[in-house]
Amino acid sequence: MGIYLLTAGVAILLSWIIKTNKERGVREIINGILLTILIVGLAFIVGFRWNVGTDYWDYKRMFEIYKDYSWGAIFSLKEPGIRLVVKFVSLFTNEDHWYFFLCALITVGLPVITIYRHSENFLLSITFYLFINYLGIFNGMRQCLAMAIIFSGYGFIKRKKFWHFLILVLVGSIFHSSAFFCIPIYFIYTCKPSWRTTAIIILGTLFLRFSYDIIGDAVGFFQEGEFESTAYNQQSVSLLRVVAMAFPLILVTPLKGNMIKEKSFAVHMLLANACVYVCMAESAYFSRLGMFTDMFLCMAIPSVLKKYGAKDRAFIIFVMVLCYALFFYVSLTSNADLTPYTTIWQAYA
């Protein structure tokens, strides 16, 4: 467990230095080097693990199977994205840990760069990213790759460039078809704030909450071999995670109407994520769609907090960071697939 805590601590320290440099106008090349260290360090922990993560062995077998496929055979597959990564890595090495590392590099690199470019508080955004999203990278690599690609379109969503964003959705879909879920999410994020809009989102949530069978039929094409387990599809998501994902919506309640309008983009991100987790709470399978919306919390929370006074903001940041640090710790200690952490060098020593 210590390696996770140490990684989070070093990453937060690096993020503080990067944020300070950015505010002081330090040469961009310095921050570029520090960002590279941050990304490679976080990816290293994910990429060079051994037997860590729920579906670790599934992805390990995938390398052995698809490295010998022809390019044509790979492109004929339903979701060729990760198989293309396998084939590319196999041109240089037969060691599967390099394929894990490359996937991790993409999955970590795209969000961190996006946060650096667009966040209103880089340090706070990275902190929430680590406590909310980072552990998820150890499971479901295909969907995490799709998620990272979608999130890299944050600027397109904010500037309402739908066709640019759609290209990223299509690219993400070659890794996991659930990327198409982000098309309606785009319109929720970019719509004008109003009680009517909020009511529609809430009614949609209630409909989805009691329509798992209908959704299952409609999105059957999401299912792949690694997710076909009926027991997995039907198990509940932990109440702690649902509460943790819905909790940031409380930040909106003290804001006045004009403040909500000014921060409507961030408010809709908080609302959409809370609704996704509430309506998908009874299905771990469908809650994986929440991976696409909870990623945006690290941008939305610092943005909404800008509307608070300095003293209130400092207190709320302290409380929220503490709460999500505990969430990170509980998520870590309650998941037997993440601990103990073992590197490939330890495994083959």
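Numbers below:
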{"read-out": "Accessible area of region 75-140 belonging to carbon and sulfur atoms, whole % at 1.4 Å probe", "value": "62 percent"}
{"read-out": "Cα shape, region 32-85, gyration tensor, a/c 1.5 rule", "value": "oblate"}
{"read-out": "Pairwise FRET efficiency - Ile113 versus Asp337, Cβ, R0 = 30 Å, nearest 0.05", "value": "0.60"}
{"read-out": "Net charge over other residues, Cβ less than 13 angstrom from the Cβ of Phe75 (K, R count +1; D, E count -1)", "value": "+2"}
{"read-out": "Surface per residue (accessible, 1.4 Å probe) for the chain, Å²", "value": "46 Å²"}
{"read-out": "Most mobile of Trp16, Trp71, Trp50 in a GNM of the chain (Cα contacts under 10 Å)", "value": "Trp71"}
{"read-out": "Estimated FRET transfer efficiency (Phe315, Leu170; beta-carbon r; R0 45 Å; 0.05)", "value": "0.55"}
{"read-out": "Gaussian network model of the chain, springs between alpha carbon atoms under 10 Å - residue of Ala179, Ala199, Ala43 with greatest fluctuation", "value": "Ala199"}
{"read-out": "Shape category assigned to the chain from the gyration tensor of Cα positions, a/c cut at 1.5", "value": "oblate"}
{"read-out": "The chain: most fluctuating residue of Cys323, Cys275, Cys182 per GNM, C-alpha cutoff 10 Å", "value": "Cys323"}
{"read-out": "Cα gyration tensor, region 1-69 - rounded (a/c under 1.5), prolate or oblate", "value": "oblate"}
{"read-out": "Estimated 222 nm signal from helices in the chain, with DSSP H stretches of n ≥ 4 weighted -39500 (n - 2.57), rounded to 500", "value": "-20500 deg cm²/dmol"}
{"read-out": "Reach of Lys60 by Cα under 21 Å, taken over lysines that are not fewer than 8 positions away in the same chain", "value": "Lys78, Lys87"}
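The values are calculated or read from the model by the stated rules, or taken from the named source; none is laboratory data. Note that this is a predicted model, so its numbers are computed, not measured. Note that each Cβ is placed from the backbone with ideal geometry, even for glycine, and that neighbours are counted across all protein chains shown. To get the accessible areas, we keep the full protein, side chains included, count just its heavy atoms, and leave off ligands, DNA and RNA. Shrake-Rupley method; radii C 1.70, N 1.55, O 1.52, S 1.80 Å.
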